[in-house]
Amino acid sequence: MRARLSSSPFCSASPTRRGRGAGVRAFTLLEILLSLALVSLMLVALNTFVFSMGELWGRGADVHLFDQHTRAVTRFLDRELRTAVLPPSARADAAPLSIEEVRPQTGLTEKLLTFELPAGCRLFVWPERPLPEVVCSLQAREREGLFLLWHSRLEKNFDTDPPRETLLTPLVTGLAYEYYDPDFNRWSTETTLKLDNTGNPLTPHRLRLKFAHNKLTRETVISLPATTGTLPLF
């Protein structure tokens, strides 16, 4: 009877249970350090990838915005110049597009491409109410950009006061003039206005704008609308 009681499973632990408990163990310090090192390497690689992609996307955005800006400025000038030659814009006593002597606020008189906008422009900021018959001129200044000079013929001091100035874009680094020679059927590009046989400046047939921003550069061409004769557009 005593032998049966001593052999009862409630009196001693089962060998099977002791084997299961001995098989469970924790991670060693070396394994933990290796895991942390691998995770750190993965995070560094992920951060490098994200930053590099962000830099590429940023560069792409700069190019897109730069191209968008050059197109917007070119379209604006093309539209305003075409408006200047459409009736009733064209004045009977003067050519709608001409070269005139203009004295900007800098005080230095210069011969500039000039045109008239009968209804003005949305970019103009008037000191009081807007006026019609606005005479405009284009001027490119080194390291400053492309300016639109403007004032109305109806202003009291139109002939004496310098025109107001509106900066169209600071990204224009050069304004060139292109002339078409029908005798030789070719175009020529001039950095200054071309003169005729009498020494008077000739109105160009096209304008070439040079844009620059950091390492990005672009050139656009604006065909001036012809008012007399026939000239090729390209």
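About the Cα centre of region 65-223, how large is the charge dipole given +1 on each Lys and Arg Cβ and -1 on each Asp and Glu Cβ? Please answer in debye to the nearest 20. Display every interim value, and only then the final one.
Working: 21 positive and 22 negative charges, 123 e Å.
Using Cβ point charges on Lys, Arg, Asp and Glu, region 65-223 gives about 600 debye.
Which of the listed residues, PHE76, THR217, LEU65, is farthest toward the dipole's positive end in region 65-223, when Lys, Arg count +1 and Asp, Glu count -1 at the beta-carbon?
About the Cα centre, the residue reaching furthest to the positive side is LEU65.
Around LEU224, with a cut-off of 11 angstrom between Cβ atoms, what is the net charge of the other residues, counting Lys and Arg +1 and Asp and Glu -1?
Values: positive: ARG82, ARG206; negative: ASP78, GLU178.
Local net charge: 0.
At GLU144 and ARG71, where each label point lies 7 Å from the Cα along Cα→Cβ, what is the point-to-point distance in nanometres?
For the pair GLU144/ARG71, the computed spacing is 3.1 nm.
Between rounded, prolate and oblate, where does region 65-223 land on the alpha carbon gyration tensor, with a ≥ b ≥ c its root eigenvalues, rounded for a/c under 1.5, else prolate if a/b exceeds b/c? Provide the component values of the computation, followed by the final result.
Details: a/c = 1.56, a/b = 1.16, b/c = 1.34.
It comes out oblate by the Cα gyration axes.
Across region 65-223, how many lysine pairs, 8 or more positions apart or on different chains, have C-alpha atoms separated by under 26 Å? Please give the number. Walk me through the intermediate numbers first.
Values: LYS111/LYS156; LYS111/LYS194; LYS111/LYS210; LYS194/LYS210.
Qualifying lysine pairs in region 65-223: 4.
All of the numbers you see were taken from the coordinates with simple rules; none came from a lab. Worth saying up front: this structure is predicted, and the values here are computed from it rather than measured. All Cβ positions, even for glycine, are placed from backbone atoms using ideal geometry, and neighbour counts span all protein chains on display.
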